[in-house]
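The structure under discussion appears below in the form of structure tokens.
No value in this document is a laboratory result; all are computed from the given coordinates. Here the structure is a predicted model, which is why all the values come from computation and not from measurement. Quick reminder, even Gly has a Cβ in these numbers, built from the backbone with ideal geometry, and neighbours come from all protein chains shown.
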Amino acid sequence: MAAAMLELVAKLILTLTKEVYETEVITLVLVVEKAVSFIEVKIDEIVVKLDM
């Protein structure tokens, strides 16, 4: 009985860890995408200023 409980708890922890990991990866990807688009906007602004 105790072994079955431990196994259940272990599976639960693994599932939660996996979900948190996936969420963090998705968040990281979104942050990177925002940073890239922000940098692209800044580069465009600099190019426009240089053209003037």
Compute the acute angle (0 to 90°) between the alpha-carbon long axis of helix 2-51 and the principal axis of greatest extent of the alpha-carbon atoms of the chain; round to the nearest 10°. 0
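Note the full-extension length gain between residue 24 and residue 8 as 0.36 nm times their separation in residues minus their Cα-Cα distance, in nm to one decimal. Show your work: numbers first, answer last.
Working: separation 16, 0.36 × 16 = 5.76 nm, distance 2.43 nm.
That pair, residue 24 and residue 8, stretches by 3.3 nm at full extension.
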Using the Kirkwood radius over C-alpha pairs as Rh, can you work out the diffusion coefficient of the chain via Stokes-Einstein at 20 °C, viscosity 1.002 mPa s, in µm² per second? 148
So, with points 7 Å from each Cα along the Cβ direction, the residue 33-residue 50 label distance in nm works out to 2.8
Dipole of the chain (Lys/Arg Cβ +1, Asp/Glu Cβ -1, origin at the Cα centre): which of 30, 48, 12 lies farthest to the positive side? 12
